[in-house]
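Just below is one structure, and these are the notes that go with it.
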Amino acid sequence: MNARRQPAGLAPAVGDRVESIDWESVSRELDAEGCAVVQGLLSAADCEELARTYATDGRFRSRVVMASHGFGRGEYKYFDHPLPEIVSALRAALYPRLAPIANRWSAALGAPAGYPPEHAGFLARCHAAGQTKPTPLLLRYEAGGYNCLHQDIYGDVVFPLQLTCFLSHRGVDYEGGDFLLVEQRPRAQSRGEAIATEQGEIVLFTTRHRPVEGTRGVYRAAMRHGVSRITRGLRYTLGVIFHDAK
């Protein structure tokens, strides 16, 4: 993992913050590692406001207790329409920067490079396929909580990149709880990454698989993500997936 990417001179609007990111560096890191960390996209106030939203049941369409499904220990809630303004803004501002990467990856894997340039166009494709439920979610972990390795696939239409925003302050609100990424390459051992994230950071990462150059050409490397055990306190995160769910 290379150095964290810090937007230069944050502006109040999410769109301005996204534009200030060094996207050439992020693109190189995504190509090389399948993930990239960006700092400063959310302020401490943004993070605290989003975490407080968890207690407002009227904002969500469903709640999942992870232990009931063998997913881990903790819980999460999917936002309902209308999404919080900052969540909609993150989707709308980040997607156009990620779509060229998604199209390049698709072309490298021999698939059509057909992701539209704007998120609204991609959502129209989701909705035409019957995927109309919003997928952004808030996750809550207490001490002892963790999330098993998984992929966020909600239908046939899938965007190959997603992100997690870290809302709690490591060392103050909680300890433990590293963000985990495990990549499986054909005919090779799995490669793991544990990222100790800070409040306000985001991790951009592969949703399902990405192209990796090998000795016999390009192959698909599958990636799963999860969370290591929280040893103390309370940890909140925001997950932003660009495709909707059936």
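List every residue pair whose Cβ atoms sit under 6 Å apart, with the two residues 6 or more apart in sequence or on different chains, where the first one lies in the stretch 99-123 and is touching a residue at least 60 places away in the same chain (Cβ under 8 Å) and more than 21 Å from Ala32 (Cβ to Cβ) and the second, anywhere, is surrounded by 13 or more Cβ atoms within 10 Å (Cβ to Cβ) and among the aromatic types (Phe, Trp, Tyr).
His119/Tyr95
For Gly226, indicate whether it is small (Gly, Ala, Ser), within 23 Å of Gly155 (Cα to Cα) and surrounded by fewer than 19 Cβ atoms within 10 Å (Cβ to Cβ).
yes
Here is a check on your reading of the model: is Ser190 at pLDDT below 95 and either among the polar types (S, T, N, Q) or in contact with a Ser or Thr (Cβ under 7 Å, 6 or more places away or on another chain) (or both)?
Values: at pLDDT below 95: yes; either among the polar types (S, T, N, Q) or in contact with a Ser or Thr (Cβ under 7 Å, 6 or more places away or on another chain) (or both): yes.
In short, yes.
Tell me, yes or no, whether the stretch 128-143 has at least one residue that is of a type in the set (Lys, Arg) and in contact with a strand residue (DSSP E or B) (Cβ under 6 Å, 6 or more places away or on another chain).
yes
From the list Arg28, Arg61, Arg52, exactly one residue is more than 19 Å from Phe159 (Cβ to Cβ), assigned to a strand (DSSP E or B) and modelled with pLDDT of 95 or more. Which is it?
Arg61
Does the stretch 198-217 contain any residue that is more than 30 Å from Ser43 (Cα to Cα) and aliphatic (A, V, I, L, M)?
Checked the stretch 198-217: at least one residue is more than 30 Å from Ser43 (Cα to Cα) and aliphatic (A, V, I, L, M).
Taking interchain pairs and intrachain pairs at least six residues apart, which have beta carbon atoms under 7 angstrom, with the first residue in the stretch 175-200 and under 14 Å from Arg220 (Cβ atoms) and the second small (Gly, Ala, Ser) and outside any strand (DSSP E or B)?
Every condition considered, the pairs that remain are Glu183/Gly34; Glu183/Ser190; Gln184/Ser190.
Mind listing whichever residues of the stretch 85-126 are buried (at least 17 other Cβ atoms within 10 Å of the Cβ) and assigned to a loop (DSSP other than H, G, I, E, B)?
Tyr115 - this is the single residue of the stretch 85-126 that is buried (at least 17 other Cβ atoms within 10 Å of the Cβ) and assigned to a loop (DSSP other than H, G, I, E, B).
The values are calculated or read from the model by the stated rules, or taken from the named source; none is laboratory data. None of the values given here were measured: they were computed from a predicted structure. With ideal geometry, Cβ positions are generated from the backbone for all residues, glycine too; neighbour counts draw on all protein chains shown.
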